[in-house]
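Written out below as structure tokens is the structure these notes cover.
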Amino acid sequence: MNVNSRANKYVSLTGSYTLNRALSNTDGVGTFPSNPYSFEGEYGPAATDVRHRMSLGGSVNTKWNVAFSPLLNVASGPPFDITVGRDIYGTTLFNGRPGIAPDPNKPGLVQTSYGLLDPNPSPDETILHRNYGRGPGTISINLRVTKTFSLGPKPSQAAQAGSGSDKRPYSLSIAMATRNLLNHTNPGPIIGNITSPLFGRANQPSGGGGFGGFSEAANNRQLELQTRFTF
């Protein structure tokens, strides 16, 4: 859904919202089934199953030739696979998923926000389906402030009457572009290994060039001074 609004000659807004649901049994050629002897539980949320995305931007021009251009991007969290962090089935792959233990008193269970999970599932246990976890959402706010100076001699009255314009022949624009205005760190890939002390968290920020439009992997606030001369 897209919305565009021009409130008046000084203010214009644009926004978009996307509702998405994507299911699959693979996330590409590098995806392997957790259990090579059974595809049960492989069908689940795809890696692209980001349920909500919203973008809101606009332009506010003032009579002092100062323009404000904000941009807000918000997205809900992507799914991630929950694993036990070891090779359960002798495949040399560490993508085995935990089971949901029917007996809460079974030794070795791991308490998580997704319930009691068994890193040593027995054959009769229900195994979590692929990409069962859900990571946190992301947010980014960018802002550009531009001041424009009109330069050069004013056109004569005769020239104004002929062209219908009183603009000067040159202009100089100075802009300050701020990426990640709030200096907010969006998390990178979520650790899905339930035996890791960092389970459910990220040990790195999200990469550059992704949804937030950041240009650095660290996601630090970035200021850019830009100038443009028009003639």
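The values are calculated or read from the model by the stated rules, or taken from the named source; none is laboratory data. A quick note: this is a predicted structure, and the numbers were derived from the prediction, not measured. Please note: Cβ atoms are built from the backbone with ideal geometry, for glycine as well, and neighbour counts cover all protein chains shown.
For first residues located in the range 79-107 and on the phi > 0 side of the Ramachandran plot, partners that are of a type in the set (Val, Ile, Thr) and surrounded by fewer than 20 Cβ atoms within 10 Å (Cβ to Cβ) and lie 6+ apart or on another chain with Cβ distances below 9 Å form the pairs Gly85/Thr195.
Test Ser12 against the stated conditions and say whether it is in a strand (DSSP E or B) and surrounded by 11 or more Cβ atoms within 10 Å (Cβ to Cβ). Against the criterion (in a strand (DSSP E or B) and surrounded by 11 or more Cβ atoms within 10 Å (Cβ to Cβ)), Ser12 qualifies. Residue count for the range 157-201, restricted to those that are at pLDDT 90 or above, part of a loop (DSSP other than H, G, I, E, B) and more than 30 Å from Leu117 (Cα to Cα): 5.
Annotation: of all residues in the range 53-79 being polar (S, T, N, Q) and surrounded by fewer than 16 Cβ atoms within 10 Å (Cβ to Cβ), the one that is modelled with the highest pLDDT is Thr62. Looking across the range 80-98 at every residue that is touching a Leu at 6+ places or on another chain (Cβ under 7 Å) and surrounded by 13 or more Cβ atoms within 10 Å (Cβ to Cβ), the one that is farthest from Ser24 (Cα to Cα) is identified as Pro98.
When residues in the range 108-149 are screened for being more than 30 Å from Ser206 (Cβ to Cβ), of a type in the set (S, T, N, Q) and loosely packed, with under 14 Cβ neighbours inside 10 Å, 2 of them pass.
Apart from one condition, Ala47 fits all of (1) of a type in the set (Gly, Ala, Ser); (2) surrounded by fewer than 12 Cβ atoms within 10 Å (Cβ to Cβ); (3) touching a Pro at 6+ places or on another chain (Cβ under 7 Å); the exception is (2). Filter the range 20-44 for residues that are among the β-branched types (Val, Ile, Thr) and surrounded by 12 or more Cβ atoms within 10 Å (Cβ to Cβ); which is modelled with the lowest pLDDT? Filtering first and then ranking leaves Thr31.
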